[in-house]
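The values are calculated or read from the model by the stated rules, or taken from the named source; none is laboratory data. Everything quoted here is computed from the prediction, not taken from an experiment. FYI the Cβ positions are ideal-geometry reconstructions off the backbone, even for glycines, and counts take in every protein chain you see. The accessibility values were calculated without ligands, DNA or RNA, using every heavy atom of the protein model including side chains. Shrake-Rupley method; radii C 1.70, N 1.55, O 1.52, S 1.80 Å.
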Amino acid sequence: MNPIANTNDYLIRLPRVIQLTALGRTTIYELTKNGTFPRPVKLSARAVAWSATAVQAWINARIGGQPYPIAA
C-alpha cells in the first residue's frame, strides 16, 4: 500500500519552493545534492517539482532546529 496515496499532497514548482523557503535556486539544488533537502520529482524531460508535504516537513524541521531528514 502506498502511504502517499491517501494524503492531500501536491506538487509545487521551483518558484513556489523558493518563495516558501526563502532560499535561492542554487542553494536548493546544493542542499538536494547533499541530502539535506527533499528531492524533486521528475515530471518530464525538462520539468521537476517538489512534494509540498516534503518541503513543509523540511521547513518545520528547520523551525524546530531538527536536521532533515528527520530521524524516525
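Things to note:
- Residues that are more than 18 Å from residue 67 (Cβ to Cβ) and open to solvent by less than 40 Å² (accessible area, probe 1.4 Å) within segment 16-50 comprise 17, 24, 47, 49, 50, listed in sequence order.
- Considering segment 51-61, the residues that are of a type outside the set (Ser, Thr, Tyr) and surrounded by 13 or more Cβ atoms within 10 Å (Cβ to Cβ) include one that is nearest to residue 9 (Cα to Cα), namely 52.
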